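> Encoded as structure tokens, here's the structure I'll be asking about.
The values are calculated or read from the model by the stated rules, or taken from the named source; none is laboratory data. Every value quoted in this text rests on a predicted model; they were computed, and no experiment measured them. Cβ: placed from backbone, ideal geometry, glycine included. Neighbour counts: every protein chain shown. Just the protein is used for accessible areas: all its heavy atoms, side chains included, with ligands, DNA and RNA removed. Shrake-Rupley method; radii C 1.70, N 1.55, O 1.52, S 1.80 Å.
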2 protein chains.
Amino acid sequence: MGADEDAVIGRRGSRPKGVARRQEILDRAIEVFREQGASGTSLRRIAEAIGVSHAALLHYFDSREQLLVAVYAHAEQNHENPPGLRPGIDTMIHAARRNVDIPGLVTLYSTLLAASLEDEEGVGRDFFTARFDVLRGSITESLRVQQREGLVRDDVPAEHLAALLIAASDGLQIQWLLDPGVGLESTLQTLGVLLRPPA
Amino acid sequence: MGADEDAVIGRRGSRPKGVARRQEILDRAIEVFREQGASGTSLRRIAEAIGVSHAALLHYFDSREQLLVAVYAHAEQNHENPPGLRPGIDTMIHAARRNVDIPGLVTLYSTLLAASLEDEEGVGRDFFTARFDVLRGSITESLRVQQREGLVRDDVPAEHLAALLIAASDGLQIQWLLDPGVGLESTLQTLGVLLRPPA
DNA sequence: GTCTATACTTTGATAGAC
DNA sequence: GTCTATCAAAGTATAGAC
């Protein structure tokens, strides 16, 4: 493999490829998603919308899955947490609200996540495993602090609450997509009430 | 349609198509999932495992998606709620435990659900919309009763709790698949604690 | 380094033969 | 009712132009 050769030869490895152009492609790909939603996400359709051949995309990304994961990761990191807000219910509500704003982002997330369950070896597998790990970790830590401050009930383990927060947020966004009457934000607020210490 | 002809002609009606054969195919397809998991779910692979051509499957199911939805629906209905248990945390835990027992069932569910988000017109769309609707409805009703009985806190709307229960269960099963250390059952038990009325 | 052209393979789906 | 043949689309991989 070329990468191995680089490592062996001693070249300063891992400058994936044209970083600038790669970013450019990602940005335009996100635009495609913002306009067309999750439909027509085949390599050829994306390439056509960007104005290159589908093979060109594979010059920067090893596979369609890798491209889509990069697109999602890029979109997710573009709207990071507002400063001064500790990970918890409020940040989840904030994130959910914005996810729903970008058409196709929740769908893309769900599709890639499902694909990562199917393929033990895929690129998405590592991404989502790490994502959940980091998310659970930071939320757990934040909740533990809030438990000490008396802001969150401390009769249940913070790890469980963190996993529940993420699961509820993910699941509710899907339910909301299928039936907007579900009330995404208000339901998450209710979960926030459940976290409060008993008066 | 053949079924209509039968009815008009007066033959002993309503053998829509090969109902028996259709069931047979479904049963064997589920076996394939139980053994091989969610991998190799292409029409040709399933057909090969059953011993027919892939076109034969399309004789009984209009599309691959319809077949897979039927497979999931069949598997889900096969393990219905234990009698005497009202819809709520306990039934969700019960269901989650069994889902996790059948390899590939959670993955199949997630995949079909994601696909239904992508395709506004697909067969899965109606299925999942209806499924969530029915689930939320029955759980809401059950929780309302338990609120009156003092078993569930009544300072939050039962509809929200129902949506949260389903979302948490769905989301946790996925997190558990990616990292079994998550503690599916114990985390759901914790959610049960959150539902209890403040002492 | 960047990209096009092209071909290979799998897949879902359809049409028609038996 | 089932198969064979066939198609179009898609992901992937390679060769080579610039």
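> In nm to one decimal, list the spacings between the B:R196 label point and its equivalents in the other copies, with label points set 7 Å along Cα to Cβ, shortest first.
2.0
> Same structure again: Would you be so kind as to identify all helices of chain B, as entire DSSP H runs, whose Cα atoms reach 15 Å or more along the helix's own axis and whose mean Kyte-Doolittle hydropathy is at least 0.0? Show your work: numbers first, answer last.
Numbers: long enough: B:19-36 (25 Å, -0.63); B:64-78 (21 Å, -0.34); B:89-101 (18 Å, -0.36); B:105-118 (20 Å, 1.36); B:123-148 (38 Å, -0.34); B:158-178 (30 Å, 1.02); B:184-195 (17 Å, 1.13).
Qualifying helices, which must be both long enough and hydrophobic enough, are B:105-118, B:158-178, B:184-195.
> Under the convention of a label 7 Å out along Cα→Cβ, give the distances in nm from A:Q36 to the same position in every other copy, shortest first.
3.2
> Could you please state, rounded to a whole Å, how far the C-alpha centre of the stretch A:122-199 is from the C-alpha centre of the stretch B:59-118?
24
> A further question on this structure: Which whole-number percentage describes the relative contact order of chain A, with Cα contacts under 8 Å and a sequence gap of 6 or more?
Working: 156 pairs, mean separation 37.7, N = 199.
Worked out over chain A, it gives 19 percent.
> Taking a label point 7 Å from Cα toward Cβ, how far is B:R97 from its twins in the other copies, in nm, shortest first?
4.0
> Please compute the modelled spin-label separation between B:V134 and B:S63, points set 7 Å along Cα→Cβ, answer in nm with one decimal.
The two pseudo-label positions are separated by 2.1 nm.
> Could you tell me the convex hull volume per residue, in Å³, taken over the Cα atoms of the protein assembly as shown? Intermediate values should be presented prior to the final figure.
On the way: hull volume 75.5 nm³, N = 398.
Taking the convex hull of the Cα positions in the protein assembly as shown, it is 190 Å³ per residue.
> Going by the alpha-carbon gyration tensor, a ≥ b ≥ c the square roots of its eigenvalues, is the stretch B:116-199 rounded (a/c under 1.5) or, if a/c is not under 1.5, prolate (a/b greater than b/c) versus oblate?
On the way: a/c = 3.49, a/b = 1.30, b/c = 2.68.
Oblate shape, in that a/c is at least 1.5 and b/c is the bigger or equal ratio.
> Report the FRET efficiency, 1/(1 + (r/R0)^6), for B:N78 and A:R97, where r is their Cβ-Cβ distance and R0 is 45 Å, rounded to 0.05. Walk me through the intermediate numbers first.
On the way: r = 39 Å, r/R0 = 0.86.
Result of the calculation: an efficiency of 0.70.
> Using a 1.4 Å probe on the protein chains only, how many percent of the accessible area of chain B belongs to carbon and sulfur?
On the way: 5030 of 10030 Å².
That fraction is 50 percent.
> Additional query: Hey, with R₀ at 35 Å, roughly what FRET efficiency would B:D90 and A:Q189 work out to, going by the Cβ-Cβ distance, to 0.05? Mind dumping the intermediate values first?
Values: r = 26 Å, r/R0 = 0.73.
Efficiency, from the Cβ-Cβ distance: 0.85.
> Further question: At a probe radius of 1.4 Å, figure out the B/A buried accessible area, summed over both chains, and give it in Å² to the nearest 100. Provide the component values of the computation, followed by the final result.
Working: alone 11830 and 11860 Å², together 20090 Å².
Answer for the B-A pair: about 3600 Å² buried.
> For peptide B:99-112, compute the average count of partner chain beta-carbon atoms within 10 Å of each residue's beta-carbon. Intermediate results must be reported in sequence, preceding the final value.
Values: counts 0, 0, 0, 0, 0, 2, 0, 2, 6, 3, 2, 9, 7, 1.
The mean count of partner-chain Cβ atoms within 10 Å per residue comes to 2.
> A:D179 accessible area, nearest 10 Å², 1.4 Å probe?
Result for A:D179: roughly 50 Å² accessible.
> Keeping every protein chain present and rolling a 1.4 Å probe, give me the accessible area per residue for the stretch B:86-165 in Å².
43
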